[in-house]
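Quick notes on the structure that follows.
The values are calculated or read from the model by the stated rules, or taken from the named source; none is laboratory data. Since the structure is predicted, the reported quantities are computational estimates derived from the model, not experimental observations. Methodologically, a virtual Cβ is constructed for each residue, glycine included, from the backbone with ideal geometry; neighbour enumeration extends over all protein chains shown.
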Amino acid sequence: MSISLFYFVAFLSIFFALLVIFAKNPVHSVLYLIVTFFTFTVHYILLNAQFLAIVNFIVYMGAIMVLFLFVLMLLNLNEGSMGSKSNLIKMIGVIAGMCLIITLVGSARVLTASEPLVLQTQELGLVKNLGKVLFSKFLLPFEVSSILLLSAMVGAVLLAKKEIKRA
Amino acid sequence: MENITQAIQGVPLNHYILLCTIIFSIGVIGVLIRRNAIVIFMSVELMLNAVNLLLTAFSVQHNDPSGQVFVFFIMALAAAEVAVGLAIIVMIFRNTNSTDVNILNKLKW
């Protein structure tokens with residue numbers, strides 16, 4: 001185990017993220033996105049954020065990506081029905097993104113002193129520790145987020161339902 | 001488990017910022033260059049995840065669990081957003097028979 005593990009996983013994250021946006025077939029995009037999220041799970045484990053690693057694994061890779069795949073299956077997009085944007089627009093988009101990277105990296109270079117990340121307490125990201133914080137300091141936001149999820153569920157059902165023909 | 005977490009000792013915080021910046025920008029590029037609404041949605045997910053990872057890194061740096069709790073809330077919000085967004089995409093597909101965002105230009109000046 002060495003420091004190079006982080007750089008290897010980081011390289012894989014960037015590589016598969018690039019494949020997500022450049023893959024022609026949307027189904028391939030979803031599959032590459034699942035692999036990208038798996039590398040993020042590895043990052044969380046490296047940071048010893050075990051609770052987030054598990055939640056990322058179950059919620060993102062399990063639930064959300066299955067939702068994406070289901071919708072792709074339902075829509076049945078045949079290939080070639082959708083043209084891609086013109087090359088000029090693509091070039092402009094990529095150049096704009098590169099400008100964003102340069103701006104953010106340049107500002108980060110000015111702002112931060114580059115000190116190594118040190119894990120001060122081993123049990124920072126464990127379920128026990130996070131649960132104590134979540135149910136004492138963040139109890140109200142937790143309850144509000146349950147209302148958010150309920151309203152999202154109602155909204156999704158209402159939107160996806162076929163309109164009833166009124167006589 | 002301790003062997004694994006030893007690996008992180010010594011990675012500078014700047015490299016986390018760099019990684020998350022690159023992945024966030026890849027998400028932005030994806031939104032700009034793709035026309036399929038579902039792929040645009042996946043790019044948004046990519047951006048959300050980049051921010052999540054950076055929040056976790058800063059949480060470890062400052063030894064403060066609040067950052068990781070915040071990531072948990074962002075994940076709940078992302079789940080709600082995906083459910084509503086995909087429902088909207090399904091509705092658009094039912095009306096226009098396509099998920100091309102360029103068809104939806106009625107509100108464009």
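Annotations for the structure displayed:
- For the criterion of being polar (S, T, N, Q), under 18 Å from B:Ala78 (Cβ atoms), in a helix (DSSP H, G or I) and more than 7 Å from every other protein chain (Cβ to nearest Cβ), A:Ser151 passes.
- B:Ser43 farther than 24 Å from A:Leu150 by Cα, in a helix (DSSP H, G or I) and hydroxyl-bearing (Ser, Thr, Tyr): yes
- Residue match in the range B:93-106 (condition: at pLDDT 85 or above, buried (at least 18 other Cβ atoms within 10 Å of the Cβ) and not small (Gly, Ala, Ser)): yes
- Boolean, B:Met75 is assigned to a helix (DSSP H, G or I) and surrounded by 17 or more Cβ atoms within 10 Å (Cβ to Cβ): yes
- Residue check for B:Val60: touching a helix residue (DSSP H, G or I) at 6+ places or on another chain (Cβ under 6 Å) and assigned to a helix (DSSP H, G or I): no
- Of residues in the range B:20-36 being in contact (Cβ under 8 Å) with a residue 12 or more places away in the chain and not in a helix (DSSP H, G or I), the one surrounded by the most Cβ atoms within 10 Å (Cβ to Cβ): B:Asn36
- Selection status of A:Val55, facing another protein chain (nearest Cβ under 7 Å), over 23 Å from B:Met91 (Cα atoms) and modelled with pLDDT of 90 or more: yes
- Of all the residues in the range A:22-52, those that are farther than 16 Å from A:Leu69 by Cα and either within 7 Å of chain B (Cβ to nearest Cβ) or in contact (Cβ under 8 Å) with a residue 60 or more places away in the chain (or both) number 11.
- Breaking point among (1) closer than 23 Å to A:Leu31 by Cβ; (2) facing chain A (nearest Cβ under 7 Å), for B:Met47: (2)
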